[in-house]
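No lab work stands behind these numbers, since they all come straight from the coordinates. For clarity, every value in this text was computed on a predicted model and none was experimentally measured. Here the Cβ is made from the backbone with ideal geometry for all residues, glycine too, and neighbour counts use every protein chain on show.
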DNA sequence: TCGAAGATTGTCT
DNA sequence: GACAATCTTCGAG
């Protein structure tokens, strides 16, 4: 098992952290057991000037973790149904975070299947932010926790070569939708499917 | 295989 | 009261 990523890993530009998190291993340990997966897709959300970032609404009770120290977990509830997990970063004074969008399952696949429902196919277990939270048992109780120890942590994993990393526009947002801040491992079967809306995204 | 629409609740205007 | 960093189901092609 790789070492747990140190706090200063997160204390860099958010885009760099988002790219470097590809290949790292997210793991959770609850009374039900241990589950882990390799991160294959991320998105960067950068400060109050980023209209798609929750911090654009300013410092509120909800966004409080974004203003905390790098290396914290920011977990929020969306659409009345799903949880999504972020790693808080720091780009000099900006409330920023990296959304974990997809994982390739490693340990505890059976437990993931139990939590997700037995009908889910292997590749449907963790290929989306809401899905991976369900599979790993992540919910609001983990909001604001450190990513350096149980019940939730991120470890050093594979190093992904630059030519395998693809950059696209972010998904599922309406504001600043053309910013190229989504990072994914090209060709990995667990990456969430790209909506058609991305087709007219400007290359730069 | 693809596109459209509903679910459901916390948060902010 | 509107809307959201999503997922699932359902119907058409």
For the range A:65-186, the spread of Cα positions along each principal axis, largest first, Å
43, 34, 32
Computed curve, the range A:100-145, Cα-only Debye sum without solvent term, log₁₀ I(q)/I(0) at 0.14, 0.24, 0.25 Å⁻¹, is -0.29, -0.80, -0.86
As a check on your grasp of the helix formula, calculate [θ] at 222 nm for chain A: sum -39500 (n - 2.57) over DSSP H runs of n ≥ 4, divide by the residue count, round to the nearest 500.
-3000 deg cm²/dmol
Given Cα pairs under 8 Å that are at least 6 residues apart, what percent is the relative contact order of chain A?
27
What is the spread of the Cα atoms of the range A:6-127 along each of their three principal axes, largest first, in whole Å?
43, 31, 25
Hey, any idea what the orientation-averaged projected area of the convex hull of chain A's Cα atoms comes to, in nm²?
11.0
Distance (nanometres) between label positions extended 7 Å along Cα→Cβ at residue A:16 and residue A:119:
4.6
